[in-house]
Amino acid sequence: MTGAGPLAGVTVVSVEQAVSAPLCTRALGDLGARVIKVEAPGGDFTRYYDDVVHGLAAHFVWVNRGKESLVLDLKSVQGTRALHLLLERADVFVSNLAPGSAAKLGISANDLAARHPDLITMEIDGYGSGGPLSHKRAYDLLVQAEAGACAITGLPGEPAKPGPPMADVCTGLYAALSITALLVERGRSAAPHSPAMASVSMFDTMTELMGYALTYTRHTGVDQQPAGMGSPAVAPYGAYETADGHTVVLGTTNDREWQRYARDLLGRPDLADDPGLATTADRVAARERLDAEISRWCARHTLQDIQSAADTAGIGNSKLNTPSEVLRHPQHTARDRWFEIGTPGGPTMAPLPPPVLRGRRAPMGDVPALGEHTESILRELGLITMELTTMSEESANSDT
């Protein structure tokens, strides 16, 4: 099995922070790209959210393994010069700075297209350009609220933010997908390269993820209410307490499954034959009645018995797990899905990336210390020792 991914030979340079752009570039690194993370003298602020991973923040460890950390003061002449020397050799540039910051630093997509016409640029922002919110700072919760995701999560009258940072994560993945597509296009074209400028906004991403809810509302005029562990679209579909203190999640997605659910799992042919429960819409309208019946049944059976019976009946089921239970989940253990990586303070475990490429292993490099690769990268660029000393002094002065 080789550790060289399909993007081996591609160099990605990023001026990034937080989650969306770092996850984008980490995904590219998982596919074999070399990722050089340009950090300000103080470093990416997510390094310091907490100190639970040997003194480093869990957020930072999650999205920054396998990268090289280059500290540059992009407000200085020397720092800007070094960045442009690096971009002359790079294939992709990714950024997710605050609104207007890239232009002030002279590294907006238009600036780079003029100076580095062969470079693929990806700008990740909050709300996209040209709108009344384009100037606003955007964080995951803010964008999820603005896009309506919080209104359909939780319970009626009790909106909630989805646990994982969906706006950040999915924006980063859309950005990585777009970059990969542009690299493929460039590789197939015999014509001289023209500037390839792309952007992905968190608001547009969350609007895409809201596709079902928005389509439903457009055609009904109804804002669906959140259903906790259920779904406003189908029923029965939810979480139920078991006799041994666990929570089982059971669900159906069509009328045929409902028949098996009622007859073979619950042993209730009367429910299966009830004309008032024949269609998905009927069952959604009768959600409270069905949940009460299923809750009573689950309360009389253990988790193992329920899941065994559901598997036999061909009904989808799962167990509601906590994060600590997922860390020791037998599905991960049996498939050897955890991998040891290094951090500046010591080793930790990370899950392998979701894509499984036969015959290849994701690089799974270490999490870099702040500026760990600065000297080696600057020497690679041909900058002399005096310039290295000058840049180090500038960085130190700007940090005080």
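Restricting the range 116-139 to residues that are of a type in the set (A, V, I, L, M) and part of a loop (DSSP other than H, G, I, E, B), the residue that is surrounded by the most Cβ atoms within 10 Å (Cβ to Cβ) is ALA138.
Yes or no: PRO344 in contact with a helix residue (DSSP H, G or I) (Cβ under 9 Å, 6 or more places away or on another chain), under 30 Å from GLU372 (Cα atoms), in contact (Cβ under 8 Å) with a residue 40 or more places away in the chain and not acidic (Asp, Glu)? Judged against the criteria, PRO344 is not a match.
Filter the range 44-58 down to residues that are touching a His at 6+ places or on another chain (Cβ under 6 Å) and open to solvent by less than 50 Å² (accessible area, probe 1.4 Å), then give me how many there are.
So the answer is 1.
Only one entry of ILE306, ILE315, ILE294 meets the criterion of being over 24 Å from LYS37 (Cα atoms), buried (at least 17 other Cβ atoms within 10 Å of the Cβ), in contact with a Pro (Cβ under 6 Å, 6 or more places away or on another chain) and of a type in the set (A, V, I, L, M, F, W, C), and that entry is ILE294. Scan the range 1-21 for residues that are at pLDDT below 95 and open to solvent by less than 30 Å² (accessible area, probe 1.4 Å) and the total you get is 1.
Please give the strands (runs of 3 or more DSSP E) falling wholly within the range 295-400 in which 1 or more residues are at pLDDT 95 or above and closer than 23 Å to ALA243 by Cβ.
In the range 295-400, 316-319 are the strands (runs of 3 or more DSSP E) which contain 1 or more residues that are at pLDDT 95 or above and closer than 23 Å to ALA243 by Cβ.
Looking at ALA235, ALA239, ALA262, just one residue is within 26 Å of the chain's Cα centre (by Cα), surrounded by 16 or more Cβ atoms within 10 Å (Cβ to Cβ), at pLDDT 95 or above and not basic (Lys, Arg), and that residue is ALA239.
Being in contact (Cβ under 8 Å) with a residue 60 or more places away in the chain and open to solvent by less than 10 Å² (accessible area, probe 1.4 Å) is the filter here, so list the residues in the range 24-43 that pass it. Within the range 24-43, CYS24, THR25, LEU28, ILE36, LYS37, GLU39 qualify.
Inspect all residues belonging to the range 144-159 and state whether any of them is modelled with pLDDT of 95 or more, open to solvent by less than 20 Å² (accessible area, probe 1.4 Å), part of a helix (DSSP H, G or I) and small (Gly, Ala, Ser). No - not one qualifying residue is present in the range 144-159. Condition (residue is more than 24 Å from GLU16 (Cα to Cα) and loosely packed, with under 14 Cβ neighbours inside 10 Å) applied to the range 174-186: is it met by at least one residue? Yes, there is a match, as at least one residue in the range 174-186 is more than 24 Å from GLU16 (Cα to Cα) and loosely packed, with under 14 Cβ neighbours inside 10 Å. Screening the range 84-115 for residues that are in contact (Cβ under 8 Å) with a residue 60 or more places away in the chain and part of a loop (DSSP other than H, G, I, E, B) and picking the one that is nearest to ALA191 (Cα to Cα) gives ASP91.
The values are calculated or read from the model by the stated rules, or taken from the named source; none is laboratory data. As the structure is a computational prediction, the values presented were derived from the model and not from experiment. Using ideal geometry, Cβ is built from the backbone for each residue, glycine included, and neighbour counts are taken over all protein chains shown. Heavy atoms of the whole protein, side chains included, go into the accessibility calculation; ligands, DNA and RNA do not. Shrake-Rupley method; radii C 1.70, N 1.55, O 1.52, S 1.80 Å.
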